[in-house]
1. Would you say residue 136 is free of Cβ contacts under 8 Å to residues at least 24 places away in the same chain and among the polar types (S, T, N, Q)?
2. Can you spot a residue in the range 213-222 that is in contact with a helix residue (DSSP H, G or I) (Cβ under 9 Å, 6 or more places away or on another chain), of a type in the set (Gly, Ala, Ser) and surrounded by fewer than 18 Cβ atoms within 10 Å (Cβ to Cβ)?
3. Restricting to the range 102-124, name every residue that is in a helix (DSSP H, G or I), crowded, with 18+ Cβ neighbours inside 10 Å and in contact with a Ser or Thr (Cβ under 9 Å, 6 or more places away or on another chain).
4. What are the residue pairs meeting all of these: first residue in the range 66-87, first residue over 20 Å from residue 146 (Cα atoms), second residue in a loop (DSSP other than H, G, I, E, B) and of a type in the set (Ser, Thr, Tyr), Cβ atoms under 9 Å, and 6 or more apart or on different chains?
5. Any idea how many residues of the range 136-151 are over 11 Å from the mean Cα position of the chain (by Cα) and not in a strand (DSSP E or B)?
6. Within the range 170-179, can you find the residues that are surrounded by 14 or more Cβ atoms within 10 Å (Cβ to Cβ) and part of a loop (DSSP other than H, G, I, E, B)?
7. In the range 152-169, what residues are part of a strand (DSSP E or B) and of a type in the set (Ser, Thr, Tyr)?
8. Test each condition in (1) closer than 28 Å to residue 135 by Cα; (2) surrounded by fewer than 14 Cβ atoms within 10 Å (Cβ to Cβ); (3) modelled with pLDDT under 90 for residue 99 and report the one that comes out false.
Amino acid sequence: MRFVSVALVAKGRHRDSHVKYHLTFRRMKLFLIVISLCMAKLCLAQAPACPCKPATVKARQQRSSVKHTAVFTDIINRRKFLSIDEMYTWQDRYATQTDSITTTPGKPASERMHGTPEDTMYTIKAFLWFVKMEENDCDLHMELGTADGTAIRMVVELPAEHKAVQTQLRKELAKRGLPIMNCGTSNAKKAHFAKGIPMLVRGIGFYDASHKPDTNHGDSHTRKYSWELHPVVAISFL
């Protein structure tokens, strides 16, 4: 009887150890799955490396002092949201003033044009459709529009000196699996998003006199108008 009891005890212990082994194995497997998911999420959230050296130094960029301004004390802060439709109206409304703007940096006529949207900090609520790394100055060129992907869009530019905001944008697009032109893809067609991303963009009005209306301002979606928000200083995704 003692021998039988010992055998039963040994068998029980063997069964217990077998169960514990399987429980431990399952826990380890679950742990590895969780770690893998976390690492995958972390990788997706990381901003892609986009090394960029400006082809033109800042001091020689057209209207450089305006689009790279870092002093906002004399800028009007408008509380009401700007809309894409309102930006469309700037072209005709301020045509007389913008006709006198020149692009040569350092010239008085290239400085901020007072009495126009260049005096004001706006927050626009719109849809993001496309982002491009500009090789000339390393700014992130963004196309904003309405929810209609076929509608005319407006250009907003996020300068290279706003590194934290550029990183924020790149991380968000990486998380969504969306490309940036000249940063992972050179295919402009693939770089345009299938669906617009709702967001808020904060920036100062800017007339890009180097691109006349209906010529070469961006691509076919944006060339109709020369007005932008530049510099963009903050963004938020909705």
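The values are calculated or read from the model by the stated rules, or taken from the named source; none is laboratory data. Note that the coordinates shown come from a computational prediction; the quantities given were computed from them, not determined experimentally. Positions of Cβ are generated from backbone atoms using ideal geometry, with glycine treated the same way; all protein chains shown enter the neighbour counts.
1. No; evaluated as a whole, the condition is false for this residue.
2. no
3. Passing the criteria: only 110.
4. Within 9 Å, the pairs are 75/69.
5. Residues that pass the stated criteria total 9.
6. Answer for the range 170-179, where residues must be surrounded by 14 or more Cβ atoms within 10 Å (Cβ to Cβ) and part of a loop (DSSP other than H, G, I, E, B): 178, 179.
7. Of everything in the range 152-169, nothing turns out to be part of a strand (DSSP E or B) and of a type in the set (Ser, Thr, Tyr).
8. (3)
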